[in-house]
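Here's the structure, in structure tokens; my notes come after.
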Amino acid sequence: MTASASNLPPVEAIQRLLDVITKPARLLVAISGGSDSTGLLVALSKAISPGSGVSLFAATVDHALRPESAEEALSVAALCSRLGIPHVIRRWEGEKPEAGLSAASREARYRLLVEIADEIDATAILTGHTLDDQAETVAMRAARSGREDNLGLAGMAEAVLLERRRWLLRPFLKTRRADIRAFLTNEGESWIDDPSNLNPHYERVRVRGKLATEGSFDAAALTRAVKRRTALSDAAARLVHDHVTIRLGVLAHLAPAGLAGDGAVRRHALSLLSAVLGGRAHALRGESTNRVMAFLDSGRPGRITAGRVIFDLRRDGLYLARENRGLMPLVVAPGGIAVWDGRYRIANGSAAEIIIGPTAPDREEARALFPDAPPAIAMRAMSVMPWVEANSFFFPAGSSTIALSQPPTAGQIHIMPTLAPFDRFLPQFDLNLASEFAVLLGCDVFPPLPVKDSARKS
Ligand SMILES: Nc1ncnc2c1ncn2[C@@H]1O[C@H](COP(=O)(O)OP(=O)(O)OP(=O)(O)O)[C@@H](O)[C@H]1O
């Protein structure tokens, strides 16, 4: 990787963060003990003075995958205590899958970090991802992606909203690992070398080796990709704002004016809108989106199904709703929380077991619920709404909080729509678009990015 003007030395990167973060700030540093996160913590602790309005906390996740991991976490605890920074260790207790172990440990790590951030009410979680990590990510996505728009080339976002409530920031994303190590050496600090960072079993490790020997990383291309990605998503947000309505959380309508204009923007908006309506964590895949776009471009009324969503093109616009298949009932124990069909989070605050499943459609009711839609579409939409059964007491559930009017047991049942593609992980690039969906579905609004002047208007 060649050096570039966009490389930020560690001390400068931290100063930039401290200049823009909203204060007072409690920063939760996710520290593995590796060079990058150790550099992050040490640089922050040096830069923060009493009275600056910024306080530091640190957390280490013990993935319990290697025998020495508990001891390593303790050595991080010792560093934090020397620096006077409160530190917690959380152990990943869950089952460890054989396949997809890296992804599962990342999921578990983020879940535990969000838990800790909730406990201390952190302004943001900080990680030590570097420009080297970014280059690897871009290289892996470039090799893998078959999508012609290749949005992955924008790499990791500098800010990501986790579980819809805690911002994670990556202040070292423009900083080289070698510079962080030089900084630590200069400070007389050491770090832990994780042996799995050398294990060629991992794709990232192989890509790292390749970049080190032959690669030069094009920082300008990355900047362009980030701009393109953000502009596309913001244009999609405007399209949704101006031309999409969603009724009762299940029936979306795209007005004819929204079917004209830039195809790439429409494609991006529809691939994510269908993931939201279909309760799927990922945007509609490339081939499926191609099929939908070809169908729409033909302009002929009709319908097709893709990603569990029916796209129904009529003269008055495009209707989209979850297809009426594979909607399995789900039992939620008293006090339990569960997600039904990837679309609704149900908190059963009652003392009785409840069952959530699809609504049996009724022509008259469907017409009343969706008065502006053609009758067949109204019936289809009604049949994918959630229906709750508690001790043989039935009631239809809309997309809001529902209190049992004659409950068989005391308590409440809360049904909240989810935003499947953004619920766990919302990169800053898609914030405006996700916010439009949140408004249309009646979800809670997202917390603002804890950075001054960050409001990016669509
Ligand atoms: N076990 C962990 N506990 C807390 N945070 C972690 C842990 N593992 C990774 N992180 C955070 O995620 C970032 C990226 O993870 P990655 O696996 O690339 O890092 P690493 O190689 O373990 O260590 P480092 O990035 O500190 O050199 C880290 O910089 C750190 O902020």
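Taken together, the values in this text are just the output of simple stated rules run on the coordinates, not laboratory data. All values reported here derive from a predicted model rather than from experimental measurement. Backbone-built Cβ (ideal geometry, glycine too); neighbour counts: all protein chains shown.
Along the axis of the charge dipole computed for the chain (Cβ charges of +1 for Lys and Arg, -1 for Asp and Glu, origin at the Cα centre), the listed residues Trp387, Ile180, Thr127 are led at the positive end by Trp387. Computed 3J(HN,Hα) for the stretch 171-185, one whole-Hz value per residue from the Karplus formula 6.51 cos²θ - 1.76 cosθ + 1.60 where θ = phi - 60°, is x, 9, 5, 10, 10, 7, 4, 4, 5, 5, 5, 5, 4, 5, 4, glycine and proline marked x. If the segment from His282 to Val439 were pulled out straight at 0.36 nm per residue, it would be longer than the present Cα-Cα gap by 54.5 nm.
Using alpha-carbon pairs under 8 Å, 6+ residues apart, how would you state the relative contact order of the chain in percent?
Working: 811 pairs, mean separation 68.9, N = 458.
With pairs under 8 Å counted, the relative contact order is 15 percent.
May I ask what percent, to the nearest 5, of DSSP beta bridges between residues of the chain are antiparallel?
Numbers: 49 of 65 bridges.
Counting DSSP beta bridges with both partners in the chain, the antiparallel share is about 75 percent.
Using the crude model of +1 on Lys and Arg Cβ and -1 on Asp and Glu Cβ, and no other charge, please compute the dipole size for the stretch 10-223 relative to its Cα centre, in debye to 20.
Dipole of the stretch 10-223, to the nearest 20 debye: 300 debye.
Say R0 is 45 Å: what FRET efficiency, to the nearest 0.05, do Ala376 and Lys452 get from their beta-carbon distance? Walk me through the intermediate numbers first.
Details: r = 51 Å, r/R0 = 1.13.
So, using R0 = 45 Å, E works out to roughly 0.30.
Each Lys or Arg adds one and each Asp or Glu takes one away; over the other residues whose Cβ falls under 13 Å from the Cβ of Leu83, this sums to 0. Compute the helix-to-body angle for 263-278: its Cα long axis versus the longest principal axis of the chain, expressed 0 to 90° and rounded to tens. Value to nearest ten degrees: 80. The amide H of Ala58, built 1.01 Å from its N in the peptide plane, has Val29, His87, Val88 as neighbours under 5 Å, considering only residues 5 or more places off or on other chains. Against the chain, whose longest principal axis is taken from its Cα atoms, helix 10-20 shows a tilt of about 50°.
Shape of the stretch 10-223 from its Cα gyration tensor (a ≥ b ≥ c, root eigenvalues): rounded if a/c is under 1.5, otherwise prolate when a/b > b/c, or oblate? Each step should come with its number before you reach the end.
Numbers: a/c = 1.43, a/b = 1.24, b/c = 1.15.
Taking the square roots of the gyration eigenvalues as a ≥ b ≥ c, the stretch 10-223 is rounded.
Stretch Glu98-Arg144 to full length: gain in nm at 0.36 nm per residue minus the Cα-Cα span? Please report the intermediate quantities before stating the final value.
Values: separation 46, 0.36 × 46 = 16.56 nm, distance 2.21 nm.
Residue separation times 0.36 nm, minus the Cα-Cα distance, leaves 14.3 nm.
Of the GluC sites (Glu not before Pro) in the stretch 55-90, the ones in a loop by DSSP (not H, G, I, E or B) with at most 11 other beta carbons within 10 Å are Glu68. Report for the stretch 10-223 the percent antiparallel among DSSP-assigned beta bridges with both residues inside it, nearest 5. Antiparallel bridges: around 20 percent, rounded to the nearest 5. Compared with the dominant principal axis of the Cα atoms in the chain, helix 69-83 is inclined by about 70°.
Take the Cα of Ala347, step 7 Å toward its Cβ, do the same at Ser196, and the gap between the two points is 3.3 nm. Place a label point 7 angstrom from the Cα of Arg111 along the Cα-to-Cβ direction, then list the residues of the stretch 158-183 whose backbone nitrogen is under 15 Å away. The answer is 163-164, whose backbone nitrogens lie closer than 15 Å to the label point.
How would you rank Val11, Val265, going from fewest to most other Cβ atoms within 10 Å of each one's own Cβ? Present the calculation step by step, with values, prior to reporting the outcome.
Numbers: Val11 15, Val265 20.
The most exposed by this proxy come first: Val11, Val265.
For the pairs Lys174/Lys210; Lys227/Lys452; Lys96/Lys174, note any where the Cα-Cα span goes beyond 26 Å. Violating the 26 Å limit, Cα to Cα: Lys96/Lys174.
Ranking His253, His201 by Cβ neighbours within 10 Å, fewest first, what do you get?
Details: His253 22, His201 7.
So the ranking, lowest neighbour count to highest, is His201, His253.
With the cut-off at 1.5 for a/c, could you classify the chain from its C-alpha gyration tensor as rounded, prolate or oblate? Prolate, since a/c reaches 1.5 and a/b exceeds b/c.
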